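Enquirer: Just dropping this structure here.
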């Protein structure tokens, strides 16, 4: 009974932590009219992007918005030296690419498929037409944008103030949520990700990332095999995040 209580407490704390770095899911309110749903459905284009394929590049003109039907897509931004920093991972059910359309600006980031992904593309004109005709949709996107600002603020604080060890620990927890929690006994989560991608996500060089992963492995917190990372003791990762 005590173990179950501890597990429940951990999962609640885990979900609370994730919520600080995860955008709100979905974009169509339940009360969206059938007319708007039909407009978006009939005017979408299904596109498939293979792993490593760019959906759009930083600085390009936004042509429309993307709804992720299947797969994972990440967005990245280049620094002054041309190094790419991964700033977010989108998953199934996420809509993205609409902020620069609303602001009439170029894309501030590039979007790349982490794995083979299927997306619905909705043109700029159709998206704006739906937005103008649906107050419910406009309010939902405003809510999403407001929450995204909070997430970006949390990210800026994390990467400007926290040491690499904390960033790596948090990244592993966020990726556990992204790829899904395991139902296998003794394993919290298991996923495959390249060290280059993980280094770009944690804002460090590959050598420093590998050194931190090795330390976690020696403490029995994780196991690694090639690109596969297995999270064994997520509660230890949580302690690192909150104690530093």
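Enquirer: Considering only the range 115-149, state which residues are without any contact (Cβ under 8 Å) to a residue 24 or more places away in the chain and under 15 Å from the mean Cα position of the chain (by Cα).
Expert: Passing the criteria: only 149.
Enquirer: Next question. Check whether at least one residue in the range 204-212 is over 20 Å from residue 6 (Cα atoms) and exposed (fewer than 13 other Cβ atoms within 10 Å of the Cβ), and report yes or no. Spell out the reasoning first.
Expert: First, the residues of the range 204-212 that are over 20 Å from residue 6 (Cα atoms): 204-212.
With the extra rule that they be exposed (fewer than 13 other Cβ atoms within 10 Å of the Cβ), the set shrinks to 207.
Within the range 204-212 (the criterion being over 20 Å from residue 6 (Cα atoms) and exposed (fewer than 13 other Cβ atoms within 10 Å of the Cβ)), the answer is yes, since at least one residue qualifies.
Enquirer: Name, by its number, the condition in (1) closer than 21 Å to residue 14 by Cβ; (2) touching a helix residue (DSSP H, G or I) at 6+ places or on another chain (Cβ under 6 Å) that does not hold for residue 190.
Expert: Tallying (1) closer than 21 Å to residue 14 by Cβ; (2) touching a helix residue (DSSP H, G or I) at 6+ places or on another chain (Cβ under 6 Å), residue 190 fails exactly one: (2).
Enquirer: So if I check each of 145, 137, 158, 174, which one is touching a helix residue (DSSP H, G or I) at 6+ places or on another chain (Cβ under 8 Å) and buried (at least 19 other Cβ atoms within 10 Å of the Cβ)?
Expert: Working: 145 fails: buried (at least 19 other Cβ atoms within 10 Å of the Cβ); 158 fails: buried (at least 19 other Cβ atoms within 10 Å of the Cβ); 174 fails: buried (at least 19 other Cβ atoms within 10 Å of the Cβ).
Matching residue, one of 145, 137, 158, 174: 137.
Enquirer: Please find, within the range 42-56, the residue that is nearest to the chain's Cα centre (by Cα) out of those that are part of a loop (DSSP other than H, G, I, E, B) and surrounded by 13 or more Cβ atoms within 10 Å (Cβ to Cβ).
Expert: First, the residues of the range 42-56 that are part of a loop (DSSP other than H, G, I, E, B): 43, 50-53.
With the extra rule that they be surrounded by 13 or more Cβ atoms within 10 Å (Cβ to Cβ), the set shrinks to 43, 53.
Details: 43: 26, 53: 17 Å.
So, considering only residues that are part of a loop (DSSP other than H, G, I, E, B) and surrounded by 13 or more Cβ atoms within 10 Å (Cβ to Cβ), the one nearest to the chain's Cα centre (by Cα) is 53.
Enquirer: In addition: Select from the range 214-228 the residues that are under 23 Å from residue 87 (Cα atoms) and out of contact with any strand residue (DSSP E or B) (no Cβ under 6 Å at 6 or more places or on another chain) and list them in ascending order.
Expert: Passing the criteria: none in range.
Enquirer: Next question. Is one or more of the residues making up the range 73-94 touching a residue at least 24 places away in the same chain (Cβ under 8 Å), in a helix (DSSP H, G or I), in the same structural domain as residue 139 (by TED's automatic domain parsing) and in contact with a helix residue (DSSP H, G or I) (Cβ under 8 Å, 6 or more places away or on another chain)?
Expert: No; the residues of the range 73-94 include none that is touching a residue at least 24 places away in the same chain (Cβ under 8 Å), in a helix (DSSP H, G or I), in the same structural domain as residue 139 (by TED's automatic domain parsing) and in contact with a helix residue (DSSP H, G or I) (Cβ under 8 Å, 6 or more places away or on another chain).
Enquirer: While we're on this one: What tally of residues in the range 216-244 results from selecting those that are in contact (Cβ under 8 Å) with a residue 24 or more places away in the chain, over 18 Å from residue 159 (Cβ atoms) and in a helix (DSSP H, G or I)?
Expert: Qualifying residue count, the range 216-244: 4.
Enquirer: Of the residues 68, 16, 39, which is crowded, with 16+ Cβ neighbours inside 10 Å, under 24 Å from residue 198 (Cβ atoms) and either modelled with pLDDT of 95 or more or not assigned by TED's automatic domain parsing to the domain that holds residue 115 (or both)? So that I can check it myself, show each step before the final result.
Expert: Details: 16 fails: crowded, with 16+ Cβ neighbours inside 10 Å; 39 fails: under 24 Å from residue 198 (Cβ atoms).
Every option except 68 fails the conditions.
The values are calculated or read from the model by the stated rules, or taken from the named source; none is laboratory data. Since the model is a prediction, treat every value here as computed from it, not as a measurement. When we count neighbours, we look across all protein chains shown, and the Cβ atoms used for this are built from the backbone with ideal geometry, even at glycine.
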